[in-house]
Amino acid sequence: MMKKILLATVIIGVSYLLVCSGAGQAPQKPRTALVVWGGWEGHEPKQCVDIFAPWLESQGFRVEISHSLDAYLDLEKLKKLDLIVHIFTMSDIKPEQERNLEEAVKSGVGLAGWHGGLGDAHRSAVEYQFMVGGQWVAHPGGVIDYDVDITNPADPITKGLRTRFHMKSEQYYMHVDPAVDVLATTTFSGQQAPWIDGLVMPAVWKKLYGKGRIFYTTLGHVAADFDVSEAREIVKRGLLWAARVMGDDPPKMNIYAPLLKKK
């Protein structure tokens, strides 16, 4: 009888230790990301993938990389993802590919990208542009010197970074959705286009599309742009935010609200 009591005590003790140590718990499901790259080679999509895909893996993501928009043909598979990184400047997207991408994001999958890979992709796809929150229309002067100003230094994507940093790259002029939550801006000097002298343009933003989080930055014309530590760190944090690893959903925004008269 005493032996049975001792055996039961040992079993209970071991079980307790397993539960407390986490060994008795089911392993956490790994986060998953799909990186789809292609389009205009001048933006060095593959070289940029080689920067951020390994980093996502280091953060515990299981990463799938595709060089074809056909990666969007399996909607049920897409809906199981945590994050889609879209890097596909210009190019055409077929209706089913576009529709599945948009439906996956609406369902809660995060979408993130940079420069033309996300903000100058599929120029005739207006719903895609609605999802991203903006569309490239010009980069006056081509590759030039310009500054980026962080306008929300309390946000987890920008917190602790220098509030102004320098880029030598394409300074994107965008048509922008007024519902985006702007994290950083850039100001045009007017040297290349005098009629926009002093114009302040969003350069980093986040937003929702359905239940999905969208992160976008105009930075990243070529892979070397990410040698600027702030530009690289903003993308890293933006990927994590879009995948719901950190931060909250953005508030409802209207960046033109200060221009509206109160009734």
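The values are calculated or read from the model by the stated rules, or taken from the named source; none is laboratory data. It should be emphasised that the depicted structure is a prediction, and the values quoted were computed from it without experimental measurement. Note that each Cβ is placed from the backbone with ideal geometry, even for glycine, and that neighbours are counted across all protein chains shown. Note: areas computed on protein heavy atoms with side chains; ligands, DNA, RNA excluded. Shrake-Rupley method; radii C 1.70, N 1.55, O 1.52, S 1.80 Å.
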Going through segment 51-92 one residue at a time, which ones are over 19 Å from residue 107 (Cβ atoms), open to solvent by 60 Å² or more (accessible area, probe 1.4 Å) and assigned to a helix (DSSP H, G or I)? 54, 57, 58, 70
Residues located in segment 136-148, provided they are open to solvent by 20 Å² or more (accessible area, probe 1.4 Å) and either among the basic types (Lys, Arg) or under 19 Å from the mean Cα position of the chain (by Cα) (or both): 136
Residue 102: passes all of (1) assigned to a loop (DSSP other than H, G, I, E, B); (2) of a type in the set (D, E, K, R); (3) buried (at least 20 other Cβ atoms within 10 Å of the Cβ) but (1)
Please report, ordered by residue number, the strands (runs of 3 or more DSSP E) entirely within segment 132-249 with at least 3 residues that are without any contact (Cβ under 8 Å) to a residue 60 or more places away in the chain. 134-138, 143-150, 164-170, 173-176, 181-187, 200-209
